[in-house]
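The structure under discussion appears below in the form of C-alpha cells.
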Amino acid sequence: MSKLIDDLTSALSAIPLIDPHSHIEPLSPVSRSLDDILGYHYYTELAHSAGMSQAPLGKDVSPRERVRAIVQHMDRYDNTAQYAWFLDIAKSFLGFTGDKITAADADPLFDKAEKVFSQPDWEKQVFQKTNLEAIFLTNEFDDPLEGFDTKRYIPCLRTDSLVFRFKEPEVKQRLAKATGIDAGDLPTLKKAIRVLFEKFTAKGAKACAISLPPDFAPTKDGSSIFWMLAEYCREFKLPFDLMIGVNRKVYRNGVYQGQDLFDQRTSLIQYQELFNAFPEVTFPISMLTSVQNQELVSYSWIFPNVVPNGHWWYSNVPAYITPDLRARLQAVPKTKLVGYYSDAYKLEFVLPKFGMYRRVLATVLAEEFVETKRLTETGAVALGKRLLRDNVREIFKV
Amino acid sequence: MSKLIDDLTSALSAIPLIDPHSHIEPLSPVSRSLDDILGYHYYTELAHSAGMSQAPLGKDVSPRERVRAIVQHMDRYDNTAQYAWFLDIAKSFLGFTGDKITAADADPLFDKAEKVFSQPDWEKQVFQKTNLEAIFLTNEFDDPLEGFDTKRYIPCLRTDSLVFRFKEPEVKQRLAKATGIDAGDLPTLKKAIRVLFEKFTAKGAKACAISLPPDFAPTKDGSSIFWMLAEYCREFKLPFDLMIGVNRKVYRNGVYQGQDLFDQRTSLIQYQELFNAFPEVTFPISMLTSVQNQELVSYSWIFPNVVPNGHWWYSNVPAYITPDLRARLQAVPKTKLVGYYSDAYKLEFVLPKFGMYRRVLATVLAEEFVETKRLTETGAVALGKRLLRDNVREIFKV
Amino acid sequence: MSKLIDDLTSALSAIPLIDPHSHIEPLSPVSRSLDDILGYHYYTELAHSAGMSQAPLGKDVSPRERVRAIVQHMDRYDNTAQYAWFLDIAKSFLGFTGDKITAADADPLFDKAEKVFSQPDWEKQVFQKTNLEAIFLTNEFDDPLEGFDTKRYIPCLRTDSLVFRFKEPEVKQRLAKATGIDAGDLPTLKKAIRVLFEKFTAKGAKACAISLPPDFAPTKDGSSIFWMLAEYCREFKLPFDLMIGVNRKVYRNGVYQGQDLFDQRTSLIQYQELFNAFPEVTFPISMLTSVQNQELVSYSWIFPNVVPNGHWWYSNVPAYITPDLRARLQAVPKTKLVGYYSDAYKLEFVLPKFGMYRRVLATVLAEEFVETKRLTETGAVALGKRLLRDNVREIFKV
C-alpha cells in the first residue's frame, strides 16, 4: 500500500501544474530573502499564536532579525503542516539536509537564501523545479496588468473592494482612474464595470473572484454590485470564483493577514437564487471549513454550474483535505473537480503545497480506486490528472 | 486485514435482508428496461450535472435513446459511488464482464436487459440473488394496498402530503375519497386520519414516515397534523420514521427528483418537545448530512425512543457512511442501530446498495472490533447481523 | 504499523499523568462499591436508552440490585466505548479475566469490588496503577477545600451557579456564607467574588471553569458576572476553562445527569469580544461536538489565548477524538494542545479513559509523524508527552 502511494505520488508529480488561484505579484513573483518566505502570514500567525510578540514584525526590525525570531519559535509549532511546507522549501530550494529546523539554522538558511534567490534565473528555476506551467493571479480592478507574460501569469479580476468597499471615496477614485468613468450612479457604475471586464478579458483574464462573509446572501437586486458582476461573468464567459465564509478582523490585534476567522453557521442555500439565475456561469466554490464540504459536494452534484474548488485556508491541511477529497471523488462528476490551488504569495510555496496535496490525492486514489480494483494505477493517475490539470484547463478555458 | 474484510463481507452477505425503506411499487417492483434503471434520479442528475441537457429526458425520447445519452456521459462521472452501483447491476444481473462501462456498451446492455427483465420469474430471481426477504414501501395515504403480498412488500404510511399540502383541494379530495370522511374541520380531520391508520395497520403497515425541511420544529398544538400523526403512532404502536433536512426545489430547473438540496443549519433540538411528549413512540431518524450525525448519535444515546436509521441520500456514499457508522457503533446501544435501507425505486438497486454498505460495515467491524480483539470474527458478524436484520425485526415488529 | 502503535502506546503509558479536569470528590475519591462505578451516568443513561426502566435507579433499590440491572442490559450496549472502559476497569482492578461481561458476572464482580475497594490503601493503589500524579477537581464556589492534599487534588473554581443561577436565593445565601459578604448590588457582588478568587488561589486553585449553552455570547457589560469572572482570571492569573455547547434538561425524564444534549448551531464567533478583551487570560476550550472542532482549531491557530482542551462528553469516543486530534496536531502549535482529561467522578475511571486516549494518540502519532518520517519514535513520544503532561504543567502552571 505504501509503495503504491509512493508510485502514484511520483506519477502525479510528473504532471505539469496549472495553479488556479494565488496571490503572486507577477513583477516580483519569487522571494528575495528568507524574510519573504517566513513573512507569509501562516508563519507569523503561528509564531504569534504560540507566544511570539509582534515586536519582530515591526518595520524597523531587520529581515534577518525577523527570520531569527520566527525560526526560534518553530519548536513550538514544528508539528504543523505549515512547518512541513517550510522544511520542504529548505530542502528543495536551499539545500537543507537536516531533519528538523532549529534556532541555529536561522542564519545559515538566511544566508543561503540570499545567494540562491539572487540568481538571475531563479524565477525560471522555481518554475522548473515545481513543474509549474502557469499560475492564476489575484488582481485588483485597477491593476495595469502589464509587464508580464499573461500566459504564464493568468490575470483574475478580484472584486472584494468593488462589492464591499465601493462607498469609500478611495475606491471610487481608483475606479474612475482605471476606467475613465466617474461612477456616480448605477448606470455609470455599470458602464465602468463593463470597462473593467473588457480590459481584463483583453489581457487574458480567466476568472472573476471574490471572498465573502458567512452571512452573505446575494439576491437579484438592481442595485447589487455583486449581481452585476455575475451578469458580466455571463456576458464575458468568465467563471466566478466564490470563496465563502470569512469574517475579517475577528482577532483585532492579530498579525497582518492573521486576523480573520469565521462562523461555521453558513449555508450554500444562501446562494440558491444566484445559482438558479445564472446557469451559464460556472461558480468554482471554496468553503472555509470542512464542515461545509458536504453542502459543496451536494450542490455540485445537483447544480451543473457549481464546482468544488480546492481546499481553502483553514481547511488546507491533510486532516481536512483527505475526507473532503474522498467525498468529492465519490459523489461529484470527476470533470467538475478542481483539485487544488496554492493560494501562494511567493512562487516557492507552490512546490510544498502541491506536494502535500499530491500525497493526499495519491492516498485517496490508492484506497478508493486501486485497492478496490475500480481502477488500474494508470487509470488512477489519469483521474488524478483530471483534478490537477485537465479540469483547470477546461473549466477556466486555459 | 483485507482478507479479514473480505471474509466479514462474505459472512454478512449470507444474512437475509429486510430493507426498511424503499420506494418500490409493489405492482411493478422490478425494471422492465434499462431505462427503468438509468432513469433513477441519481443517474439523470449526475449526467445533467456533468453537462447533459435535459433533452434526452423528454417524454418523446425513446428509452433506448435516453439510455444511450446517460451512458455516454458516464465517462464524466464514472468516479462516483452511483456509477459503481450501476456497474454492479450490469455485472450481477446482465452478465457484463468488462471493467468499465463506455458509450459502446449502451446498446448491448439495453438489449440484454430487455431479455433478462422479461423473464417471467425475474422478480423472484432478484429476490434470490439479493438475498432479500422483505422490503418496506412508501405508500401515499390513499394507496389501496392491494394486489401484493404485504409480508414481502411491507406497507408504510407516508405522510408528507397530509402535513405539508393538506390545504390543497386535490389532497383534501383524495383524503375524502380514501376515508369516506369530508375533513372540513379538525375533529373530522382527526377521524379521517384514524381511518387511514386503521386501514394501514390492518394491511400490515409497520411504520409511518415523513420527510421534513431543515427548519421544521414540531410543537404540541391542537391544530398540528404532524402532532396528530405522532398521537396515532402511539395509539397504533407504529414507529414514526423522520427523514430530516430536505429543502425541496432548490435547483428549479433540475431534472425530475433532482432539484432538492438542504441547509446544513438544522438541529434535533427542534424535536425535543416531540421526543419528550411521546416516549412510547420509536422515532427512527434519518439525517440528510453527515454533519448532523453527531447530534443523531447523541440524541440516540440519551433518548430511549430515538434510533438512528440508515444513511440517507446525500450521505449515502462510503465517505460519509464510514465515519457515521463508526460513531454510532461506539456510542449508541447496538440494539438501536438500524443499519441501512436501500431507498430503491426498483428492486435491482437493493443488491448494489446493500453490497456497498456491507463492505463499509465489514471494514468498520474489522477495524474497531476484530483488530482490537474486542470481538471474534463470529462475534463481529453477529453484531453486523443486528444492524442488518435483527433490529429491523425488533424495532418495526416485522 | 500495529507494532509501532503498540510500542508508542506503551511508551506513552510510562508518562505520569496530570489530569486537568475531573469531578472527583477529594474526600471520597475512589469507589466503595461497584455501584459507584456503574452509577456513573454513562452507564445509567446507556442502559436506560437501551430499554432499562428507571426503577433500578431508585433510592430504595440496593446497590447490588442496581448493579445487576445495569450489567444485565450490557448485552445491549457492549459495542460502546463506555462498555470498553468498564471491561478495562474489571480487568485492571478486579481481576476479571473473561472476554465479555454478562449478566452472570454481576454478583461476582460486585463481591470482588467490595473486597478490593475496601483495602485501606486502595486510593494509593489506584494512583499507582493509573500512573497518576495529580488531578484537577471541580469545586463549587463554597467548597471549603479542606481535608485533602491540594498538590494531588488541584482545586478549580466552577462558576456555573454564579453565572446562571445567581438570582436564586439559595445561591445568594451560599455566597454570603462563603464570603461573609451579602452581595445585594454589583459592587458588593464584585467584592464577594474577589473573596472567592483569593480563597481559591490561596488553596492552590489552578483554573476557573464554566459550562455554557450553545447560544451564550458574552459581551462587555458592567452587570455581567461572566465578564467579571474573566476580569478576576486576569488579575489572579488563572486560566478560564470554557466548556461550550450544552443544553441542560433536554430529555426531561432522563436519568440523573443523563438529560443534557445540545444544538450544534453554535460558533466561537460568539466569543470574539471576550478573546479580544482578555489577551492575558488563557481560555482552554472544550467543545461538545466534533462538528465544532474546526472552529476550535482555527481560533487556536489565530488567538494566542485560545487553546484546545481535551475531548468532552459526546465527543469522547475514538470516532471523534481521532479526526479532532489529527486536525489539532496539524494546525495548532503543539505547545497549546491540552490533550485529554478524564472528566471522572471516581478515580478508577482515569485509567480506562486515558488508556483509550493514549491508543488514539499513538495511532495518530504513528500515522502522521513516524510513518511519514517527520519524527522518530522517540520524537513522537516526546510530542505525545507535550499533550499528556507538559502543556498541562505549563498552561495551568502546575
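One residue stands out among those in segment C:221-246 that are within 21 Å of the chain's Cα centre (by Cα) and of a type in the set (Val, Ile, Thr): the one that is farthest from C:Phe200 (Cα to Cα), which is C:Val246. In segment C:43-82, the qualifying residues are those that are within 21 Å of C:Leu351 (Cα to Cα) and without any contact (Cβ under 8 Å) to a residue 24 or more places away in the chain, and the one that is surrounded by the most Cβ atoms within 10 Å (Cβ to Cβ) is C:Asn79. Among residues of segment B:244-295 being β-branched (Val, Ile, Thr) and part of a helix (DSSP H, G or I), the one that is farthest from the other protein chains (Cβ to nearest Cβ) is B:Val291.
Kindly establish whether C:Lys334 is within 13 Å of chain A (Cβ to nearest Cβ), touching a Phe, Trp or Tyr at 6+ places or on another chain (Cβ under 8 Å) and charged (D, E, K, R). Criteria met by C:Lys334. Of all residues in segment B:245-256, those that are on the phi > 0 side of the Ramachandran plot have Cβ atoms under 6 Å from Cβ atoms of residues that are aliphatic (A, V, I, L, M) and in a loop (DSSP other than H, G, I, E, B), 6 or more apart or on another chain, in B:Gly245/B:Leu288.
Considering segment A:106-141, and only residues there that are of a type in the set (Ser, Thr, Tyr) and surrounded by 17 or more Cβ atoms within 10 Å (Cβ to Cβ), the residue that is nearest to A:Val350 (Cα to Cα) turns out to be A:Thr130. Condition (residue is more than 9 Å from chain C (Cβ to nearest Cβ), of a type in the set (A, V, I, L, M, F, W, C) and closer than 25 Å to C:Ser315 by Cβ) applied to segment B:339-359: is it met by at least one residue? No, the conditions are met nowhere in segment B:339-359. Among the residues of segment A:368-390, which ones are in contact (Cβ under 8 Å) with a residue 60 or more places away in the chain, under 30 Å from B:Met356 (Cα atoms) and part of a helix (DSSP H, G or I)? Passing the criteria: A:Val370, A:Glu377, A:Ala380, A:Val381, A:Gly384, A:Lys385, A:Leu388. Among the residues of segment C:156-174, just one is modelled with pLDDT of 95 or more and among the aromatic types (Phe, Trp, Tyr), namely C:Phe164.
Can you find, within segment C:213-243, the residue that is surrounded by the most Cβ atoms within 10 Å (Cβ to Cβ) among those that are more than 16 Å from C:Phe283 (Cα to Cα) and more than 14 Å from every other protein chain (Cβ to nearest Cβ)? Explain how you work it out, then say what you get.
Quick first cut of segment C:213-243, residues more than 16 Å from C:Phe283 (Cα to Cα) only: C:213-215, C:220-225.
From what's left, more than 14 Å from every other protein chain (Cβ to nearest Cβ): C:221-225.
Values: C:Asp221: 11, C:Gly222: 8, C:Ser223: 8, C:Ser224: 14, C:Ile225: 16.
Step by step, filter segment C:213-243, then rank; the result is C:Ile225.
Tallying residues that are among the β-branched types (Val, Ile, Thr), more than 16 Å from the chain's Cα centre (by Cα) and not in a helix (DSSP H, G or I) within segment B:313-361 yields 1.
What do you reckon, is A:Ala202 under 26 Å from the mean Cα position of the chain (by Cα), outside the structural domain of A:Leu46 (by TED's automatic domain parsing), over 30 Å from C:Ile269 (Cα atoms) and free of Cβ contacts under 8 Å to residues at least 12 places away in the same chain? Answer is yes for this residue. Evaluating B:Tyr345 against the criteria (1) surrounded by 24 or more Cβ atoms within 10 Å (Cβ to Cβ); (2) in contact with a His (Cβ under 6 Å, 6 or more places away or on another chain) leaves one unmet condition, (1).
I need the full set of residues from segment C:301-324 which are more than 7 Å from chain A (Cβ to nearest Cβ) and either within 16 Å of A:Asp78 (Cα to Cα) or of a type in the set (Ser, Thr, Tyr) (or both), in order please. Break it down into steps so the answer makes sense when it comes.
Initially, segment C:301-324 is screened for residues more than 7 Å from chain A (Cβ to nearest Cβ), giving C:305-322, C:324.
Across segment C:301-324, the qualifying residues are C:Tyr314, C:Ser315, C:Tyr320, C:Thr322.
Taking B:Arg158 as the residue in question, decide whether it is crowded, with 19+ Cβ neighbours inside 10 Å, in contact (Cβ under 8 Å) with a residue 12 or more places away in the chain and within 14 Å of chain A (Cβ to nearest Cβ).
Details: crowded, with 19+ Cβ neighbours inside 10 Å: yes; in contact (Cβ under 8 Å) with a residue 12 or more places away in the chain: yes; within 14 Å of chain A (Cβ to nearest Cβ): no.
Considered against the rule, which asks whether it is crowded, with 19+ Cβ neighbours inside 10 Å, in contact (Cβ under 8 Å) with a residue 12 or more places away in the chain and within 14 Å of chain A (Cβ to nearest Cβ), B:Arg158 comes out as no.
Answer yes if at least one residue in segment B:68-86 is more than 19 Å from B:Asp36 (Cβ to Cβ) and among the aromatic types (Phe, Trp, Tyr), and no otherwise. Yes, there is a match, as at least one residue in segment B:68-86 is more than 19 Å from B:Asp36 (Cβ to Cβ) and among the aromatic types (Phe, Trp, Tyr).
For A:Ile18, are the conditions met, namely being buried (at least 24 other Cβ atoms within 10 Å of the Cβ) and either modelled with pLDDT of 95 or more or not assigned by TED's automatic domain parsing to the domain that holds A:Leu365 (or both)? Give the derivation first.
Values: buried (at least 24 other Cβ atoms within 10 Å of the Cβ): no; either modelled with pLDDT of 95 or more or not assigned by TED's automatic domain parsing to the domain that holds A:Leu365 (or both): yes.
Judged against the criteria, A:Ile18 is not a match.
Tell me the residue from C:Leu46, C:Leu87 that is facing chain B (nearest Cβ under 10 Å), of a type in the set (A, V, I, L, M, F, W, C) and under 21 Å from B:Val297 (Cα atoms), please.
Values: C:Leu87 fails: under 21 Å from B:Val297 (Cα atoms).
Step by step, each of C:Leu46, C:Leu87 is checked, and only C:Leu46 is facing chain B (nearest Cβ under 10 Å), of a type in the set (A, V, I, L, M, F, W, C) and under 21 Å from B:Val297 (Cα atoms).
The values are calculated or read from the model by the stated rules, or taken from the named source; none is laboratory data. Computed from a predicted model, the values in this text were never measured in an experiment. Reconstructed Cβ throughout: ideal geometry from the backbone, glycine too, with neighbour counts over all protein chains shown.
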